[in-house]
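Scroll down for the structure; my scribbles are underneath it.
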Amino acid sequence: MDRMNGLKRTQYCNDVREDLIGTEVVVCGWAAKRRNLGQLVFIDLRDRTGIVQLAFGDETDRDVFEKAETVRSEFVLMAKGIVKERSSKNPDLPTGNVEVAVTDLRILGKSETPPFEIVDDCNTSELTRLKYRYLDLRRPELQKNILLRHKLTKVTRDYFDENGFIEIETPMLIKSTPEGARDFLVPSRLHNGEFYALPQSPQLYKQLSMVAGFDRYMQIARCFRDEDLRADRQPEFTQVDLEMSFVEMEDVLSLIEGYMQRAFKEVLDVDIQLPLPRLTYKDAMERYGSDKPDTRYGMEIYDISDLVKDSGFGVFEGPVQGGGSVRAITAKGGSAAVSKKGIKKLTEEAKGIGARGLAWVRVDEEVTSSFDKFVTKELIDSVVERGGAEQGDLILIIGDTNNKHVLTILGALRQTMAKKLDLIPEGLYNLLWIVEMPFFEFDEELGEWVAMHHPFTAPMDECLEYLESDKANVRAQSYDLVLNGIELSSGSIRITDPELQARIFDLLGMSDEEAYEKFGFLLDAFKFGPPPHGGMGIGLDRLLMQMIRAETLRDVIAFPKTKDASEPMTDCPSPADAEQLDVLGLQLVEKTEE
C-alpha cells in the first residue's frame with residue numbers, strides 16, 4: 001500500500017465542477033466502482049459529499065494506469081490530476097460533466113469484497129447491514145441523513161444560544177426514581193449493593209438549574225429507557241432538552257415555534273407558518289381519536305348517539321344508555337376500495353384493539369348496511385346525512401359504554417383507511433400543539449386514578465379547587481408538540497409551591513416519606529426560592545426521522561440498536577465475566593419461567 005507522503009486533499013469529490021476545469025486537484029475516498037475498457041479505466045471515487053469520476057487513458061503514466069487496474073471495490077484511494085470535461089456526461093451526478101485525469105494514484109487501503117454492495121437500493125437484510133454498520137454508513141442515503149442530523153444539531157445550538165440559553169451538561173449516573181418506563185441500572189463498585197440509573201431525561205437536574213439561577217437551560221441530552229422497541233423508539237435516544245424560568249405556557253410555546261420554523265427552513269428549506277394550530281386534548285380525541293393526530297387528511301369522527309339512542313337496536317342503544325356513545329367516520333371512496341373480505345379484516349382489527357364489533361354503511365347506488373334488518377331506512381339515511389357521505393363512500397361505526405374506547409378504536413381505523421385510500425399527501429408538515437391534557441387518567445387494571453405526567457407538572461389554576469373531588473376533569477398545564485401523527489415532545493409548567501406539591505404527592509398515593517426518599521434533594525432545593533419555570537424535551541431522533549420521512553429511527557442514528565435492543569456489530573449486550581461480577585458484589589441467578 002502507498003502512503004500520503006505529504007499529499008493533501010484539495011477538494012471533496014462533490015466540489016469538483018466545471019469551474020475547476022484545467023486546474024490540478026487532489027481527491028480521496030473509496031472506490032465505488034471500476035470500469036476497465038481496455039485502453040481506458042474509469043473509477044467512481046466516493047466520499048461523504050458524493051462521487052467524481054477518475055479517468056486513466058493514453059496520456060496516463062503506465063505505472064499509474066497499471067495501478068488503477070488493480071483497484072477493487074471499496075479500496076481507499078488518493079488521486080491527483082487535472083480536471084477535464086467529460087466526453088460522456090452523466091446528468092444524474094452533480095459532477096457528471098467533469099472528470100479527473102489522474103497523474104498520481106495512491107492506494108492507501110485495500111478492502112475485502114464487502115458482504116453487500118454499497119448502494120442506496122440495497123436488498124441485503126437490515127440485520128446484515130447492522131452487523132457491518134460501518135459499511136452501511138458509507139451508503140450515500142445514510143451519509144446524507146447523518147450530515148442532516150449534524151446540521152439540525154448545529155441549528156438547535158445556534159437558535160437557543162441566540163435566545164439566551166446556556167448549555168449545561170447534567171449527570172449520566174443518577175439516582176433511580178422510577179416513574180413510567182423502567183430505568184437502566186448501573187451497579188456501583190465503590191458502594192457495593194447500590195445502584196445508579198441512567199437518566200430517562202434530565203428532568204430533575206434541569207429544574208435544579210432553575211433554582212441555581214441559570215434561568216435558560218438547554219442540552220442536547222442522551223436519555224435511556226428500558227422499554228420495548230418500535231420503529232420510533234430506541235433504548236438510548238437524544239432529545240433537545242430545555243427549561244426556562246419566569247415564564248408561562250405561552251412563552252414556552254412561542255419559543256419552540258420559532259425553533260421549529262428555523263430548523264425546517266435551514267435544514268430542509270421548508271417554510272413553517274406560525275402560529276402553529278392548537279387543539280385541546282378533548283378536541284383532539286373527539287375529532288381524531290388520538291392525542292397525537294395526523295391532520296394532513298380529514299375523515300374526522302362524528303357522534304351519532306342522538307340518532308340511534310332510540311333505534312331499538314341493542315348494539316347502538318346499549319352503549320348510549322350505559323353512559324357511552326356511538327360514533328363514526330366516513331371514508332370517502334371507501335365503498336369501492338373495501339371488499340367484503342376487507343370489511344372482515346377491518347372488523348378483526350377493531351376487535352383486536354377492544355371493539356365488540358364493527359358496524360358499517362355502504363353508500364353506493366343503493367345504501368346498504370350491516371344492520372339493515374334492525375333499524376329503519378330513515379335512521380340509516382340520517383346517519384348518511386350526518387356523515388356527509390356520498391356515492392362510493394363507506395361509514396364505519398363503533399359503540400361502547402367507554403367513550404375513550406370508541407374514540408381510540410375509530411382513531412386507529414381512521415389511520416388504516418387513510419393508508420388504504422392513499423389519502424395522506426406527500427410534502428406536508430402539519431405541526432400542532434395539544435394542550436390542556438388530563439392531569440389524571442383512570443387505570444382500569446389498578447382501579448384507581450394515576451398521573452398522566454411526572455409529579456412536578458402543574459395543574460391548571462382553575463382546576464385546583466377540585467383536585468380531590470373531580471379528578472376526571474382536572475387538566476394539566478402541559479403541552480405536546482405533534483408532527484404528522486407523531487409526538488415530538490412533551491412539556492409542562494412545573495409546580496414550585498410546596499403545599500401544592502404535597503397535595504399532588506398525596507393524591508398519587510405517595511407518602512411524605514416515599515416522596516422524600518425519591519425526590520428529597522429537589523424538595524430541599526425548593527425551600528430556597530424556586531422561580532416559576534417550565535420546559536420540555538423534543539425528540540431529536542424523531543424530529544429528523546419525520547423531517548426526512550425515514551421509515552425507522554435506525555435511519556437517522558449512526559449506531560442504533562435492533563428491535564430486541566441489541567447491537568449485532570459489537571455483539572452487545574454480552575455476558576460479564578465472573579471477576580467483573582465479583583468486584584461489583586453481583587451474582588447471577590438463573591431465571592425460571594413462572
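What to note about this one:
- Taking only protein heavy atoms and a 1.4 Å probe, the accessible area of the chain is 48% carbon and sulfur.
- Length added when fully stretched, Lys404-Asp571, from 0.36 nm per residue minus Cα-Cα: 55.8 nm
- Given (i) 72, 31, 24; (ii) 54, 29, 18; (iii) 52, 36, 24, the label whose value is semi-axes √(5λ) of the Cα gyration tensor in Å derived from this model: (iii)
- Packing-based ranking, highest mean first, of 282-293, 556-567 given that Cβ atoms within 10 Å are counted: 282-293, 556-567
- Shape class for the range 453-589, computed from the alpha carbon gyration tensor (a ≥ b ≥ c): oblate, with a/c not under 1.5 and a/b at or below b/c.
- Segment His150-Thr103, extension gain: residue separation times 0.36 nm, minus the distance between their alpha carbons: 13.4 nm
- Loop-located trypsin sites (Lys or Arg not before Pro) in the range 222-260, at most 15 other Cβ atoms within 10 Å (DSSP): Arg230
- Only Lys, Arg (+1) and Asp, Glu (-1) charged, at Cβ; the range 488-594 dipole about Cα centre in debye: 820 debye
- Förster-model FRET efficiency, 25 Å R0, Thr10 and Glu266, C-beta, rounded to 0.05: 0.35
- Burial order of peptide ranges 260-268, 484-492, 91-99 (average beta-carbon count within 10 Å, highest first): 484-492, 260-268, 91-99
- Residues whose amide H falls under 5 Å from that of Asp400, counting only those 5 or more places apart or on a different chain, are Ser325, with hydrogens built in the peptide plane.
- Peptides ranked, highest mean first, by Cβ atoms within 10 Å: ranges 386-398, 457-469: 386-398, 457-469
- Measuring only protein heavy atoms, the 1.4 Å probe finds Tyr259 accessible over about 0 Å².
- Positive-end ranking of His454, Met569, Pro293 along the dipole of the chain, with charges on Cβ about the Cα centre, is headed by Met569.
- The accessible area of Asp61, taken with all protein chains in place and a 1.4 Å probe, comes to roughly 90 Å².
- Comparing Gly81, Tyr134, Pro115 along the charge dipole axis of the range 81-151, the residue lying farthest to the positive side is Tyr134, per the Cβ-charge model.
- Prolate/oblate/rounded label for the range 1-95 (Cα gyration tensor, a/c 1.5): rounded
- The relative contact order of the range 363-477 comes to 18 percent, based on Cα pairs under 8 Å that sit 6 or more residues apart.
- Spatially, the range 256-292 and the range 114-153 are offset by 30 Å when compared through their Cα centroids.
- CD proxy at 222 nm, helix term only [per DSSP H run n ≥ 4: -39500 (n - 2.57); per residue of the chain; nearest 500]: -8500 deg cm²/dmol
- In the full protein context, the chain carries 51 Å² of accessible surface per residue, based on a 1.4 Å probe and ignoring ligands, DNA and RNA.
- Kyte-Doolittle mean at least -0.5 and Cα axial length at least 27 Å: DSSP H helices in the chain: 249-268
- Pairs with C-alpha atoms separated by more than 19 Å, drawn from the list Lys110/Lys144; Lys67/Lys110; Lys144/Lys265; Lys341/Lys419; Lys131/Lys563; Lys345/Lys420, are Lys110/Lys144.
- Relative contact order (percent, whole number), the range 117-245, Cα cutoff 8 Å, 6+ residue spacing: 19 percent
- The range 290-370, relative contact order [Cα under 8 Å, separation at least 6], %: 20 percent
- For the range 76-196: rounded, prolate or oblate by the Cα gyration tensor [a/c cutoff 1.5]: prolate
- Each residue, Glu378 and Glu112, gets one label point 7 Å from its Cα in the Cβ direction; the gap between the two is 8.1 nm.
- Taken about its Cα centre, the range 1-79 carries a charge dipole of roughly 380 debye when the Cβ of each Lys and Arg holds +1 and the Cβ of each Asp and Glu holds -1.
- Once backbone amide H atoms are built at 1.01 Å from N, Phe440 has Met452, Val474 as its partners under 5 Å, excluding neighbours fewer than 5 places away on the same chain.
- Computed magnitude of the charge dipole of the chain (debye, nearest 20; Cβ of K, R +1, Cβ of D, E -1): 2260 debye
- Shown here for the range 498-547: trypsin sites (Lys or Arg not before Pro) in loop regions (DSSP other than H, G, I, E, B) with at most 11 other Cβ atoms within 10 Å, namely Lys527.
The values are calculated or read from the model by the stated rules, or taken from the named source; none is laboratory data. Because the structure is predicted, anything quoted here is derived from the model rather than measured. Reconstructed Cβ throughout: ideal geometry from the backbone, glycine too, with neighbour counts over all protein chains shown. Keep in mind that these areas ignore ligands, DNA and RNA; they rest on the heavy atoms of the full protein, side chains included. Shrake-Rupley method; radii C 1.70, N 1.55, O 1.52, S 1.80 Å.
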